[in-house]
Amino acid sequence: MADDMLKSENLPQNPERATLEGRNKFMGFWFFLGGETVLFASLFGTYLALKNSNAQGPSAEEIFGLELVFIMTIVLLTSSLTSVYAMYHMKNNDFKKMQLWIGITVLLGLIFLGFEIYEFYHYVHGYEFGYTTSAFSSAFYTLVGFHGAHVAFGLGWFLSLMIRNSKRGINLYNAPKFYIASLYWHFIDVVWVFIFTVVYLMGKVG
Amino acid sequence: MKGWMSKLKAISALIVLSLVLSGCGEPFLSALQPKGEGSEMIFDLMILSIVIMLFVFVVVMVIYTFVIIKYRRKKDDDPNFIPKQTEGNHALETLWTVIPIILLIILAVPTIQYTFALADTSPEVNEEGEEEDSLWINVTGAQYWWHFEYEGLEVSTSQELYIPTDRKVYLSMTSQDVIHSFWVPTIAGKMDVNPTGNTNEMTLLAKEEDVYWGKCAELCGPSHSLMDFKVVAVSPGEFEQWVQDMQGVTGEEVPESATAQEGQQLFADNCMTCHAIGADPNKMGPNLTNFGDRTKLAGVEDYNKKNIVEWIQTKGKDMKPGNLMTSAPYELSDEEASKIAEYLMTLSPSDITTENAEDGVYKDSDLSSLFPEEEEETEEENGENTEEQGNEENTEQTNEENNEEQTDDQ
Amino acid sequence: MSTTARKAGFGSVLWDYLTTVDHKKIAILYLIGGFFFFILGGLEAMLIRIQLIVPDNDFLSAQFYNEVLTMHGTTMIFLAAMPLLFALMNIAVPLQIGARDVAFPFVNSLGFWLFFFGGVMLNVSWFVTGAPDAGWTSYAPLSIFSEGHGVDFYSIGLQIAGFGTLMAGINFIVTIVNMRAPGMTYMRMPLFTWTTLIASVLILFAFPALTVGLFQLTFDRLFGANFFNPELGGNAIIWEHLFWIFGHPEVYILILPAFGVFSEVIPTFAKKRLFGYSSMVFATVLIAFFGFMVWAHHMFTVGLGPIANSIFAVATMAIAVPTGIKIFNWLFTLWGGSIRLTSPMVFALGFIPTFTIGGMTGVMLASAAADYQYHDSYFVVAHFHYVIVGGTVLGIFAGLIYWWPKMFGTLLNEKLNHWFFWLFFIGFHLTFFFQHFLGLMGMPRRYWVFGEGQGLDTFNFISTIGAFLMAVGTIVFVYNMVMTQVKGKKVSGDPWDARTLEWAIPSPPPFYNFKQLPLVRGLDPLWIEKTEGNGKMQPAEPLGDIHMPNNSFVPFVMSLGLFIAGFGVMFQGSYWFLAAIGFGLFFGSMIYRSFKDDLGYHIHKEDLEDEKGDGSNG
């Protein structure tokens, strides 16, 4: 029975939900994302309360540049799409293609993270907008930084899954793991959409 | 509203309850012996809620006692007896859903009314339907003392707040360090003083002359429990006189005795960086304008020379642990401290002291001398006031505007 | 602990408990951990009451008093009440729904060890620069100004313990939703399972707000952020909102499972089905729902304005309705029953009037205008002790005595339990009843000293005497627990003649719980089989292999990692290497966990057949 878990042949339609463990992981992770939503909601709430409290430091309007952030948004949204492809191939039990699409997802994630680091570097050195500059800066870096940390964690997660399973195919044991990793990635993406709107667009416009 | 509230009050049980409760505590501190408008309103609400709750409690306890006595398994009962397995009863369940809702509505209506009433800082209206001048006081909480600045009157004091009786006093409150909470149980409920965000406003209206005790109600550090203050409610006439006496003080008045004069010099050399005498806005340490009239030293210690000297020499390290004076850089000999104490005890610019709050003498006044006519010019400049609005109204408006500005600044 | 444990050597028992993922053993761990912190918090409470026995007492210094009161609150809420409830949930819930374990046994163990190391972290503060001193609510900016590292221990320790709680919450939700035995529909679930489910949902949505608040506090104190620093635009009220968005649901996280316990105990010992089961479920859900919309009633005096205050006042009052429904349902469960006054039942009966008083004062506090007098006075102290001690703690003791046989296979001494109850109950009312009046007489809470001649002496004195009675009662109970462990007699699987599934299997249950998953035919399944069948649960499946999870040491290492990392983050400078080691252990364990397949193992059908009996208590 235990061996069945690790076989790649004859996988059912939805391998991620074929076992009780898989279903548990699936549901547990959805609930976890519910908690994460409250976490980000609290961070957003704090940010909104403090976004005009820039003290003597630069304000949102002064520092934000929409071009870079727009590119970042496109990159991250695309990575969400590529992870959907990966899951599509998982369900078709096509391991190589799944790995490929996850690989592309990771690459896009890395590009996003690189841009974010550049953005922060730019703020700190170009505008003297550091973490301790004002209440606004603390709230900004904490909110966006929490998202960035989530992205970094997701990348590590994807990478370790890819490496761990590179020598074997999809099976009932690892299918749920791939699936919830991609679920997590979508969540990060959705959070970014809110950050883009609430932090950058509203910061630039209102 | 008032009608049926007073009808409720008529119930004798209620009177008994009020009497029992008002036996609790000391008259200068207990919320159960209200002597102010706010505390009386809250007391009414308390009594109403206690009555409702006692009714519920009695119902619960009657059923509770009955079931335990009646349905307890006795020794000679059949141990295999199986009671009827009731699933529920819709009528009963509806009953104990609906009745509590009704009871809560009875409580919710006055709650909302009073919540709005207590937050109302619009000016009082006198018998002729005219709006009266509002006396605004800026209250500042600090670790571990209270500062009071009478707006537009050039009067500042600390620790002991003088107010007129039978007249609403408007407080505009902030903190200069951590969050404190201003509470004079006998006169009104409490309100936090915040270091950031909004400036809070509340009103005090004392109905009897007395010295009421105030407390800090929000944990603010080691000496949280030692952050007492007093509210000295004197009759309006006496209050008027007190303000006038306080207004002239500059801190340069020369005391009579030679030691006190030396003390004055020492005070100027060592203490004036933080403490002010007169309406100087310095708020590092308590304002000492009428220090000689204080009933307590530092809010809690007995007021005598020995304690004052001890305070100066220990910088209050043990009398008020964690107080900020401990970092004051001065060094004084005992003799010098004693001279300063002697000087401080002469600081009594007004004949109106806490004794006047307790002597039963009542002097009436409409406090109009505190709100001078010059305000009329502003009125004309504004050009918005018609004849029905007097200058008093205008003063109040200015005050309110100031207040709003302050709020906005935060 | 159990018989098997006593036969084995100490080292192997210790290793077994360090690595266990069995919900029954984790329950015992939670019990030991929670009770240890309960005693600690109790000692802190005694220090507070001794300090306040006479006016102007100098038994404790002002600073130390603030540390003690902070640690008393924090310990009792986070390190005693919640873990003890988790102990009850862990022992009862999987058995009540007919599951072989929780959904995530590994995460269950991780949850415990995170709580444990978080609790240890908090208490290490006593020995390093002093404990946190800004109250369990830790209001900024007082918590920002607090010197030393006390508040850092608070924020990091609670952060670690909070992660554990969050995981435990998710675990119970998934267990209850996914792992119920055949026939166990939602509306057949025992009330304790229901309240566990709802409390877990509350944990899931409430704790992240605390997580964010604690992060902000940590960042402000240790990394120069300005969330609560007025000078650079910060706002201290944000902390109050975040804290109470977490803090009010937390109250229901504590009380709902206790309601669940009473809803098990009362029907069992009244020998009657729970009156109005569906309205009980509905009331529980309603309380939880309202619980998220009333946080600002802790902030009536902050200056939110009359509109906000009125809305929150009315919302708060509304909670009284479902709570009242529950009280009356319990009363009418008793009505017409055959009441046995066993010790769990006596605790349940002690709870009803006590909690009714707590609920009454709750409604009084909800009245926003009147709260201007009650707020932050001893009236509030009395109120929440009536609710938390009168509700949660009595519930914990009722549940602990009730499920003790399921945990250890023995019964606690009934006579000592009754002694414990009366000492604790009378002591409790002496301590806290008069505090209502102290508050109204003008005594604010968290007062290190009260002055002479303010009329506060008598009631404070009575209060302290009551606290001593409670302490004596607790000592009796500890003695009882120890003596029962030493020479308790084995009991059957169903010593209370109870109604729910956990009593259908031996005490303590075999490690796989149910040899065959039971078929549930209705509410109170065992009672149904007792009255309509042969008294045994019918199996829902043929005897087959049982899949079991492997033990793991990884949760312990992960939690230890965070514990070590906490010190690095706190002391910084040359201590950063501790953070490197700690986070290295933490993330290293995660990678180890994901690289090593953990498929569990199977107990084979043949081995199960060899076991004596049919798995029921016969």
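From largest to smallest, what semi-axes in whole angstrom does segment A:71-206 give when each is the square root of 5 times an eigenvalue of its alpha carbon gyration tensor? All intermediate terms of the calculation are to be shown ahead of the outcome.
Working: eigenvalues 220, 38, 28 Å².
Its equivalent ellipsoid spans semi-axes of 33, 14, 12 Å.
What value in Å³ per residue do you get for the convex hull of the alpha-carbon atoms in the protein assembly as shown? Kindly include the intermediate steps, with their values, before the conclusion.
Working: hull volume 239.2 nm³, N = 1234.
Looking at the protein assembly as shown, the number lands at 194 Å³ per residue.
Quick one, what does Rg over Rh come out to for segment C:1-91 if you take C-alpha atoms and the Kirkwood Rh?
Numbers: Rg = 17.9 Å, Rh = 15.1 Å.
Ratio value, two decimals: 1.18.
With every protein chain present, what is the per residue accessible area of chain C (1.4 Å probe, Å²)?
Working: 18400 Å² over 618 residues.
I get 30 Å² per residue for this part.
How high is the relative contact order of chain C, in percent, with contacts defined as C-alpha pairs under 8 Å that are six or more residues apart? Each step should come with its number before you reach the end.
On the way: 1066 pairs, mean separation 101.5, N = 618.
Relative contact order here is 16 percent.
Calculated FRET efficiency, A:Ile117 and A:Asn14, Cβ-Cβ r, R0 41 Å, to nearest 0.05?
0.65
Divide by every residue of the protein assembly as shown the summed helix terms, -39500 (n - 2.57) for each DSSP H run of at least 4, and state the resulting mean residue ellipticity at 222 nm, rounded to the nearest 500 deg cm²/dmol.
Working: 41 runs with 717 residues, N = 1234.
Result for the protein assembly as shown: -19500 deg cm²/dmol, rounded to the nearest 500.
For the pair B:Glu154 and B:Leu95, what calculated FRET efficiency results from E = 1/(1 + (r/R0)^6), where r is the Cβ-Cβ distance and R0 = 51 Å, to the nearest 0.05? Before the final figure, lay out each step's value.
Working: r = 64 Å, r/R0 = 1.26.
Once the sixth-power term is evaluated, E becomes 0.20.
Put C:Arg593, C:Arg221, A:Arg23 in order of accessible area, largest first, 1.4 Å probe: what do you get? Please report the intermediate quantities before stating the final value.
Details: C:Arg593 80, C:Arg221 45, A:Arg23 100 Å².
Final ranking, largest accessible area leading: A:Arg23, C:Arg593, C:Arg221.
What residues qualify as long-range amide H neighbours of B:Ile137, i.e. H under 5 Å apart, gap of 5 or more or another chain, H built at 1.01 Å from N?
It is B:Glu151, B:Tyr170, B:Leu171, B:Ser172, by chain and number.
Ranked from highest to lowest mean number of other Cβ atoms within 10 Å per residue, what is the order of the peptides A:191-198, A:123-130?
Numbers: A:191-198: 17.9, A:123-130: 14.9.
Result, highest mean first: A:191-198, A:123-130.
Taking amide H positions as placed in the peptide plane 1.01 Å from N, state which residues far from B:Gly214 in sequence (5 or more) or on other chains have amide H under 5 Å from it.
Amide H neighbours of B:Gly214: B:Phe229, B:Lys230, B:Val231.
Through the Karplus equation 6.51 cos²θ - 1.76 cosθ + 1.60, θ set to phi - 60°, convert the phi angles of segment C:275-288 into ³J(HN,Hα) values in whole Hz; use x for Gly and Pro.
Result, ordered by residue: 6, x, 3, 5, 6, 5, 4, 4, 4, 4, 5, 5, 4, 4 Hz.
Could you give the nm distance between label points at A:Lys96 and B:Lys306, where each point is 7 Å from its Cα heading toward the beta carbon?
Those two pseudo-labels are separated by 9.8 nm.
Which of the aspartates and glutamates could be linked to B:Lys84 by a straight reach, that is with a Cα gap under 20 Å, when you skip same-chain ones fewer than 8 residues away?
Once the sequence-local aspartates and glutamates are set aside, what remains near B:Lys84 is B:Asp76, B:Glu93, C:Glu264, C:Asp497, C:Asp524, C:Glu529, C:Glu532.
List the residues, sorted by chain then number, that are 5 or more residues from B:Leu297 or on another chain and whose placed amide H is less than 5 Å from its amide H.
So B:Leu297 has HN proximity to B:Asp302, B:Tyr303.
In terms of Cα to Cα distance under 19 Å, which lysines are near enough to C:Lys489, apart from those fewer than 8 places away along the same chain?
By straight Cα distance, C:Lys489 reaches C:Lys7, C:Lys406, C:Lys415.
So what are the ³J(HN,Hα) numbers for segment C:359-365, from phi and the Karplus equation (6.51, -1.76, 1.60; θ = phi - 60°), rounded to whole Hz, Gly and Pro as x?
x, 4, 5, x, 5, 4, 5
For chain B, what is the percent of antiparallel DSSP beta bridges, rounded to the nearest 5?
Numbers: 30 of 42 bridges.
Of all bridge pairs located within chain B, approximately 70 percent are antiparallel.
Rank-order C:422-428, B:118-124 by packing density, defined as the average count of other C-beta atoms within 10 Å over each peptide's residues, highest first.
Values: C:422-428: 19.9, B:118-124: 17.0.
Taking the mean over residues of other Cβ atoms within 10 Å, the ranking is C:422-428, B:118-124.
Take the residue pairs C:Lys24/C:Lys271; C:Lys25/C:Lys490; C:Lys24/C:Lys530; A:Lys7/C:Lys596; A:Lys91/C:Lys515; C:Lys271/C:Lys487 and return only those whose Cα atoms are more than 24 Å apart.
Values: C:Lys24/C:Lys271 27 Å; C:Lys25/C:Lys490 18 Å; C:Lys24/C:Lys530 26 Å; A:Lys7/C:Lys596 16 Å; A:Lys91/C:Lys515 35 Å; C:Lys271/C:Lys487 30 Å.
Violating the 24 Å Cα-Cα cut-off are C:Lys24/C:Lys271; C:Lys24/C:Lys530; A:Lys91/C:Lys515; C:Lys271/C:Lys487.
Just report the Cα centroid separation between segment A:1-67 and segment B:179-253, whole Å.
Computed from Cα coordinates, the inter-centre distance equals 51 Å.
Hey, rough spin-label estimate for B:Arg72 and A:Ser166, points 7 angstrom out along Cα→Cβ, what's it come to in nanometres?
7.5 nm
Between C:Val285 and B:Asp334, how high is the FRET efficiency from 1/(1 + (r/R0)^6) when r is the Cβ-Cβ distance and R₀ = 51 Å? Nearest 0.05. Present the calculation step by step, with values, prior to reporting the outcome.
Working: r = 70 Å, r/R0 = 1.38.
About 0.15, to the nearest 0.05.
Can you tell which of B:Thr86, B:Thr157, B:Thr273 shows the greatest fluctuation in a Gaussian network model of chain B with Cα springs below 10 Å?
B:Thr86
Test of understanding: what is the full-extension gain from C:Phe553 to C:Arg521, defined as 0.36 nm times their sequence separation minus their Cα-Cα distance? Working shown, then result.
Working: separation 32, 0.36 × 32 = 11.52 nm, distance 3.93 nm.
Here the segment from C:Phe553 to C:Arg521 would lengthen by 7.6 nm.
Please turn the phi angles of segment B:210-226 into ³J(HN,Hα) values with the Karplus equation 6.51 cos²θ - 1.76 cosθ + 1.60 (θ = phi - 60°), one per residue in order, whole Hz, x for glycine and proline.
Those phi angles translate into 4, 9, 9, 8, x, 9, 8, 10, 10, 3, 10, x, x, 9, 3, 6, 10 Hz.
Mind checking C:273-282 for the average number of partner chain beta-carbons within 10 Å of each residue's beta-carbon? Don't skip to the answer; put the middle values down first.
Working: counts 6, 4, 7, 8, 2, 3, 6, 1, 0, 1.
Per residue, the average neighbour count from other chains is 4.
With all protein chains present, how much of the accessible area of chain C (probe radius 1.4 Å) comes from carbon and sulfur, to the nearest whole percent?
Details: 12870 of 18400 Å².
After summing per-atom areas, the C and S share lands at 70 percent.
For the pairs B:Lys168/B:Lys207; B:Lys283/B:Lys305; B:Lys190/B:Lys230, note any where the Cα-Cα span goes beyond 20 Å.
Numbers: B:Lys168/B:Lys207 10 Å; B:Lys283/B:Lys305 24 Å; B:Lys190/B:Lys230 14 Å.
Among B:Lys168/B:Lys207; B:Lys283/B:Lys305; B:Lys190/B:Lys230, the Cα-Cα distance tops 20 Å for B:Lys283/B:Lys305.
Determine the per residue accessible area of segment A:71-206 with all protein chains present and a 1.4 angstrom probe, expressed in square angstrom. Kindly include the intermediate steps, with their values, before the conclusion.
On the way: 5410 Å² over 136 residues.
Heavy-atom SASA per residue in segment A:71-206 reads 40 Å².
What nm distance separates the two modelled labels at C:Lys596 and A:Ala152, each placed 7 Å from Cα along Cα→Cβ?
2.7 nm
Interface size between chain B and chain C, please: total buried accessible area, 1.4 Å probe, rounded to the nearest 100 Å². Could you put the intermediate results ahead of the total?
Details: alone 21870 and 23740 Å², together 38140 Å².
Buried area (both sides, nearest 100 Å²): 7500 Å².
The values are calculated or read from the model by the stated rules, or taken from the named source; none is laboratory data. On a predicted model such as this, the values are computed, not experimentally measured, just so you know. No Cβ is skipped: glycine too gets one built from the backbone with ideal geometry, and neighbour counts run over all protein chains shown. These area figures cover heavy atoms from the full protein model, side chains too; ligands, DNA and RNA do not enter into them. Shrake-Rupley method; radii C 1.70, N 1.55, O 1.52, S 1.80 Å.
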